[in-house]
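Q: This is the structure, below, for whatever I ask next.
The values are calculated or read from the model by the stated rules, or taken from the named source; none is laboratory data. Every value quoted in this text rests on a predicted model; they were computed, and no experiment measured them. With ideal geometry, Cβ positions are generated from the backbone for all residues, glycine too; neighbour counts draw on all protein chains shown. Just so you know, the surface numbers come from the protein's heavy atoms only, side chains and all, with ligands and any DNA or RNA stripped out. Shrake-Rupley method; radii C 1.70, N 1.55, O 1.52, S 1.80 Å.
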Amino acid sequence: MKLVMAIIKPFKLDDVREALSEIGVQGLTVTEVKGFGRQKGHTELYRGAEYVVDFLPKVKIEVALNDDLVERAIEAICKAANTGKIGDGKIFVFNLEQAVRIRTGETGPDAL
């Protein structure tokens, strides 16, 4: 089992969710996060004062998957989240040692 974590632009969330649903991913967790990377933020004007926004809004998606779905999920996320511009995001893959469904007590791949 693997945990796939993707950091993407917020407006791409629906596209990524639909792409993952099409390949059979049943559940995911979404968190609103802020990030600082190569985009380096930008300046904004608020009530006549200029200020720098260093941390840009992003969305973190976490999906627990069986090993056989990981490559297809990565491809689906890359295709759906790609704008071709800086700040499209990153995907990280972690080994997932154990999963337990609280309601039924199922463990391992059955819990996914």
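Q: Okay, helix-only estimate at 222 nm for the chain: each DSSP H run of n ≥ 4 adds -39500 (n - 2.57), divide by all residues, round to 500 deg cm²/dmol; what do you get?
A: On the way: 2 runs with 22 residues, N = 112.
Calculated from helices alone, the mean residue ellipticity at 222 nm is -6000 deg cm²/dmol.
Q: Ok, one more. Round to a whole number: what % of the accessible area of the chain belongs to carbon and sulfur, probe 1.4 Å?
A: Working: 3900 of 7780 Å².
Whole-percent figure for carbon plus sulfur exposure: 50.
Q: Could you tell me how many degrees, from 0 to 90 and to the nearest 10, lie between the Cα long axis of helix 70-81 and the main elongation axis, the longest principal axis, of the Cα atoms of the chain?
A: The angle comes out at about 30 degrees.
Q: If you line up the long axis of helix 13-22 against the longest principal axis of the chain, both from Cα atoms, how many degrees apart are they, to the nearest 10?
A: On a 0 to 90 degree scale, this one is about 20.
Q: Ok, one more. Could you tell me which GluC sites (Glu not before Pro) in region 17-112 are loop residues by DSSP with no more than 11 other beta carbons within 10 angstrom of their beta carbon? Don't jump to the answer; show the numbers that get you there.
A: Values: sites: Glu18, Glu22, Glu32, Glu44, Glu50, Glu62, Glu71, Glu75, Glu97, Glu106; in loops: Glu97, Glu106.
Filter output for region 17-112: Glu97.
Q: How much accessible area per residue does the chain have, in Å², with a 1.4 Å probe? If you can, show how the numbers build up before the last one.
A: Working: 7780 Å² over 112 residues.
Per-residue accessible area for the chain comes out at 69 Å².
Q: Could you work out how far apart the two model spin labels at Thr104 and Phe55 are, taking each label as a point 7 Å from the Cα in the direction of the beta carbon, and quote it in nm?
A: 3.9
Q: What are the trypsin sites (Lys or Arg not before Pro) within region 53-107 that DSSP puts in a loop, where the Cβ has at most 12 other Cβ atoms within 10 Å?
A: Values: sites: Lys58, Lys60, Arg72, Lys79, Lys85, Lys90, Arg101, Arg103; in loops: Lys85, Arg101, Arg103.
Sites meeting the loop and neighbour criteria: Lys85, Arg101, Arg103.
Q: Averaging over all projection directions, find the projected area of the Cα convex hull of the chain and quote it in nm² with one decimal place.
A: Numbers: hull surface 34.4 nm².
Hull-based average projected area comes out at 8.6 nm².
Q: Run the reach check for Lys85 against lysines, Cα to Cα strictly under 21 Å, same-chain hits fewer than 8 apart removed. What comes back?
A: Within the straight-line cut-off, Lys85 pairs with Lys9, Lys12, Lys34, Lys40, Lys58, Lys60.
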